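See structure below.
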Amino acid sequence: MTLVSICIPTHTARRLPYLREAMASALAQTHHELEIILSDNGHDEAIRAFADEQIRKDPRVRYRRNDPSVSMGGNFNAALQAATGKYVIFNGDDDRLLPTCVETLLAAHRHDTVLAFSNHYIIDKHGDRDKALTHDYLVAYARDRLPPGVVADPVACAWRLSLPMPASLIRTADAQRLGITSQAAAGDLDFFIRLAAEGGKFVFVHDFLVDYRVHGASFTSSGGADTALVERLGPIAVPPHVEPIKRRLLSTILLTSVSVALKTGAVREARSLIRHRYYPRIRESAWRVLMQRGLALLPSSMARSSLTFAARARRVARGGFRSAS
């Protein structure tokens, strides 16, 4: 039997109800040769008490705590470095693995593949599946048109964000070697892009094997502002056919990052981001580009208030247009 490490990074007892679900889903896997590493990045004794309880029930559970606390990426890396399995999967402390997740992804691996990944359901804060949002994610991340089996173009797949971390079984040696960056909020995206650039094979399993929770506290819901990610990914060379995909992704992140900078009055930072070579051209997002360029010329206080007014005016205009139509 192949030992698989399930890493569950966590950081606060406020998420303990979710964490109980995540742990239960890991323990319920049909593949039993597991170690489950709970990596605690906080100092809530309720988490430690929960871990002790789980260890008494099942010796496959291991607990570790960062002291002092580290970044989110640092916590992922700490869990990863503690892993001893041949393969590793990151189960978010608010996500749930379906019972056959590890078994199915493990069966898809071959001697020359570095990771196998699957589809996932979207669940809300109550744990209920959202069919419409699940479909939207499937389309948005291009898994609706991805055939099962060995992925023909791993680089394009990674830049399209097709690989979900909670639904990916990764060769541990590769994950430990590359690590998860602590400088970017979307460290998983950075990891997959760097892994694909090395030329390893990916395998896609069409089954839905994970319940992935989307709520207000997740990076998925935050709009994706991340200037550190842009700086890390910008210099990575891609084939010509992937360049438009790369530009689309980085342009979107830059637009959001400039808006965040203007909202906080960081006009100088906004101007620097606007000069980035992947900041969108006017024809790609005319209204937002023109607005951001104009606001970046104003003093900080005026930029903040003008951005708020412009956003409110656009919402009103959109509402009026929908009513009229």
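Below, the figures for the structure above:
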{"quantity": "Single residue of region 236-265 satisfying the filter (of a type in the set (G, A, S) and not in a helix (DSSP H, G or I)) that is surrounded by the most Cβ atoms within 10 Å (Cβ to Cβ)", "calculated": "G265"}
{"quantity": "Helices (runs of 4 or more DSSP H) contained entirely in region 34-122, each with at least 1 residues that are at pLDDT below 95 and open to solvent by 30 Å² or more (accessible area, probe 1.4 Å)", "calculated": "72-82"}
{"quantity": "Failed criterion for A140 (all others in (1) surrounded by fewer than 24 Cβ atoms within 10 Å (Cβ to Cβ); (2) touching a residue at least 40 places away in the same chain (Cβ under 8 Å); (3) within 25 Å of T181 (Cβ to Cβ) hold)", "calculated": "(2)"}
{"quantity": "Inter-residue pairs, beta-carbon under 8 Å, first within 14 Å of S162 (Cα to Cα) and in region 189-206, second basic (K, R) and open to solvent by 10 Å² or more (accessible area, probe 1.4 Å), 6+ apart", "calculated": "D190/R232; V203/R110"}
{"quantity": "Residue ID - farthest from G85 (Cα to Cα), chosen from residues in region 1-33 that are assigned to a loop (DSSP other than H, G, I, E, B) and either hydrophobic (A, V, I, L, M, F, W, C) or open to solvent by 40 Å² or more (accessible area, probe 1.4 Å) (or both)", "calculated": "H11"}
{"quantity": "Test result for H135, open to solvent by 70 Å² or more (accessible area, probe 1.4 Å), modelled with pLDDT under 95 and not aliphatic (A, V, I, L, M)", "calculated": "no"}
{"quantity": "Residues being open to solvent by 10 Å² or more (accessible area, probe 1.4 Å) and either at positive phi or outside any helix (DSSP H, G or I) (or both) - total across region 223-235", "calculated": "5"}
{"quantity": "Residue that is modelled with the lowest pLDDT [pool: residues in region 266-296 that are assigned to a loop (DSSP other than H, G, I, E, B) and buried (at least 16 other Cβ atoms within 10 Å of the Cβ)]", "calculated": "S285"}
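Residues checked against (1) under 22 Å from D136 (Cβ atoms); (2) touching a residue at least 24 places away in the same chain (Cβ under 8 Å):
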{"residue": "A79", "(1), (2)": "no, yes"}
{"residue": "G85", "(1), (2)": "no, yes"}
{"residue": "F90", "(1), (2)": "no, yes"}
{"residue": "R96", "(1), (2)": "yes, yes"}
{"residue": "A107", "(1), (2)": "no, no"}
{"residue": "F117", "(1), (2)": "yes, yes"}
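A quick yes/no check of all residues on (1) more than 10 Å from the chain's Cα centre (by Cα); (2) farther than 19 Å from N119 by Cα; (3) of a type in the set (A, V, I, L, M, F, W, C):
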residue	(1), (2), (3)
P148	yes, no, no
V151	yes, no, yes
R171	yes, no, no
S182	yes, yes, no
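The values are calculated or read from the model by the stated rules, or taken from the named source; none is laboratory data. The model shown is predicted, which means the values in this text are computed figures rather than measured ones. Please note: Cβ atoms are built from the backbone with ideal geometry, for glycine as well, and neighbour counts cover all protein chains shown. Side chains included, ligands, DNA and RNA excluded: accessible areas come from the protein's heavy atoms. Shrake-Rupley method; radii C 1.70, N 1.55, O 1.52, S 1.80 Å.
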